[in-house]
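Chemist: So that we are looking at the same thing, I have put the structure below in structure tokens.
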Amino acid sequence: MSNTAPIVQDVMTIPRKPVDGMTNIAGLTRDQLRDALIAAGTPEKQAKMRAGQIWQWVYNKGVRDFAIMTNLAKSYREDLARQFIIEIPEVVSRQISEDGTRKYLVRIVGGHEVETVYIPEENRGTLCISSQVGCTLTCSFCHTGTQKLVRNLTAGEIVGQIMLVRDDLNEWPEPGKSPNNETRLLSNVVLMGMGEPLYNFDAVRDAMKIAMDPEGLSLSRRRITLSTSGVVPQIAKTADEIGCLLAVSFHATTDDVRDQLVPINKKWNIATLLEELRAYPRLSNSERITFEYVMLAGINDSDEDAHRLVQLIRGIPAKINLIPFNEWPGAPYKRSSNNRIRAFSDIVHDAGYASPVRKPRGEDIMAACGQLKSATERARKSRARITDETGPADAV
């Protein structure tokens, strides 16, 4: 592996301003798009068909110029261009790690910034997307948690992260050809970036429905994983209304320790969370819950913790992802040793649970799990200036 420094590319430094009075199609559900077309003058009898045609251009072909939508009449395309836009977040910079991981600093409306990470693997690629600017959870081991919540992302800003990475990977089908699902560079999506997805449920749901639509981005629901720190009232709703796979940021085996690492535990403790997970509607041997467990030296990595973990989750079809702590400047914890992680993994594995140790990716560009934080958010703009542009931050 080369020891060269990671590649940094400044792609765009001046944010585009939304066009007043125009509706952004990106992020509208099928029903919302149909209703918007009717409101803009499309005859109701034609609206469903027109919505389907536009949908395929935007989400199957990656087209954002109405003039290119050649199966629509020229006059209709001109009408659309006067009333609608197709805008996704813009890439401010792209960093490429020595291991091929790509971290994108992405600017959304109002000048806010979030981070999106693409992790290439053999015959597949996983995209880690954000759902909020900042986070409310203040998990003590997570760099993102040190950035206060600014606002929720819209459905368009969430699904737009998938679209902009497809742009960068040049993965839209060539005209006249269908995408080759077997060789997708972007094959999996994980909602594990900035923010707690279940505190922005409606936008996340709508974005993932767009991502899973077979006539658009066409990602299987089993290739999308939503990670939550344990927002118990929204867990069953996730199965019913989204249907993707579920991961839980667990990280501790006693309430005392989890209260410190994942403060939401003070609201919904381990017993309450596990009770809800046991009742998860999609739970089966083929659709296991993933328990994410960051390995912190001397905090949660003892043999006793490993034995306690398998007792806690007994009877839940699950796998346990062990995550070596990815250190960041000022972090209050240290990574468990390789020997300690192996010993912990062996105990879990011997109890009958898959216990893969996640290989850190993108550490040299601060793109690894728990390291995301749009530091330039505060460096480039004061909070007051952002508020002047967009109004107060959305309440969670």
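The values are calculated or read from the model by the stated rules, or taken from the named source; none is laboratory data. Computed from a predicted model, the values in this text were never measured in an experiment. Note that we place each Cβ from the backbone using ideal geometry, even for glycine, and neighbour counts take in every protein chain shown.
Chemist: State which residue is modelled with the lowest pLDDT when the search covers only region 325-377 and only residues that are in a helix (DSSP H, G or I) and touching a His at 6+ places or on another chain (Cβ under 7 Å).
Modeler: Among residues in region 325-377 that are in a helix (DSSP H, G or I) and touching a His at 6+ places or on another chain (Cβ under 7 Å), the one modelled with the lowest pLDDT is 377.
Chemist: Restricting attention to region 108-143, which residues are crowded, with 24+ Cβ neighbours inside 10 Å, of a type in the set (Ser, Thr, Tyr) and not in a strand (DSSP E or B)?
Modeler: 130, 131
Chemist: Which numbered condition in (1) at pLDDT 95 or above; (2) surrounded by fewer than 21 Cβ atoms within 10 Å (Cβ to Cβ); (3) over 20 Å from residue 127 (Cβ atoms) is the only one that residue 252 fails?
Modeler: (2)
Chemist: Mind listing whichever residues of region 60-86 are in contact with a strand residue (DSSP E or B) (Cβ under 7 Å, 6 or more places away or on another chain) and part of a helix (DSSP H, G or I)?
Modeler: 83
Chemist: I'm trying to understand the selection: among the residues of region 232-261, which are in contact with a Lys or Arg (Cβ under 9 Å, 6 or more places away or on another chain) and not in a helix (DSSP H, G or I)?
Modeler: 242, 243, 244, 245, 246, 250, 251, 252, 253, 254
Chemist: Can you name the residue in region 318-356 that is of a type in the set (Gly, Ala, Ser) and more than 24 Å from the chain's Cα centre (by Cα) and, of all such residues, is surrounded by the most Cβ atoms within 10 Å (Cβ to Cβ)?
Modeler: That would be 336.
Chemist: Out of region 87-107, which residues are in a loop (DSSP other than H, G, I, E, B), in contact with a strand residue (DSSP E or B) (Cβ under 9 Å, 6 or more places away or on another chain) and either farther than 30 Å from residue 148 by Cβ or at pLDDT below 95 (or both)?
Modeler: Answer for region 87-107, where residues must be in a loop (DSSP other than H, G, I, E, B), in contact with a strand residue (DSSP E or B) (Cβ under 9 Å, 6 or more places away or on another chain) and either farther than 30 Å from residue 148 by Cβ or at pLDDT below 95 (or both): 97, 99, 100, 101.
Chemist: Keeping to region 190-231, report how many residues are part of a loop (DSSP other than H, G, I, E, B) and of a type in the set (Ser, Thr, Tyr).
Modeler: Taking region 190-231 as the starting set, the residues that turn out to be part of a loop (DSSP other than H, G, I, E, B) are 192-196, 213-220, 229-231.
Pick out the ones that are also of a type in the set (Ser, Thr, Tyr) and you get 218, 220, 229.
Final tally of qualifying residues: 3.
Chemist: For the subset of region 179-233 comprising residues that are surrounded by fewer than 20 Cβ atoms within 10 Å (Cβ to Cβ) and among the polar types (S, T, N, Q), which member is nearest to residue 143 (Cα to Cα)?
Modeler: Here the answer is 225.
Chemist: Continuing with this model, one more query. So the check is Cβ under 6 Å with 6+ separation or different chains; which pairs have a first residue in region 295-324 that's in the same structural domain as residue 281 (by TED's automatic domain parsing) and in a loop (DSSP other than H, G, I, E, B) and a second one that's of a type in the set (S, T, N, Q) and surrounded by fewer than 19 Cβ atoms within 10 Å (Cβ to Cβ)?
Modeler: 317/285
Chemist: Scan region 107-143 residue by residue and report those that are closer than 18 Å to residue 95 by Cα and under 13 Å from the mean Cα position of the chain (by Cα).
Modeler: Passing the criteria: 114, 115, 116, 117, 118, 119, 126, 127, 128, 129, 130.
Chemist: Oh, and also: What are the pairs with Cβ atoms under 9 angstrom where one residue, in region 44-59, is part of a helix (DSSP H, G or I) and the other, located anywhere, is modelled with pLDDT under 95 and charged (D, E, K, R)? Sequence gap at least six, or different chains.
Modeler: Qualifying pairs under 9 Å: 52/215; 55/215; 56/215; 59/215.
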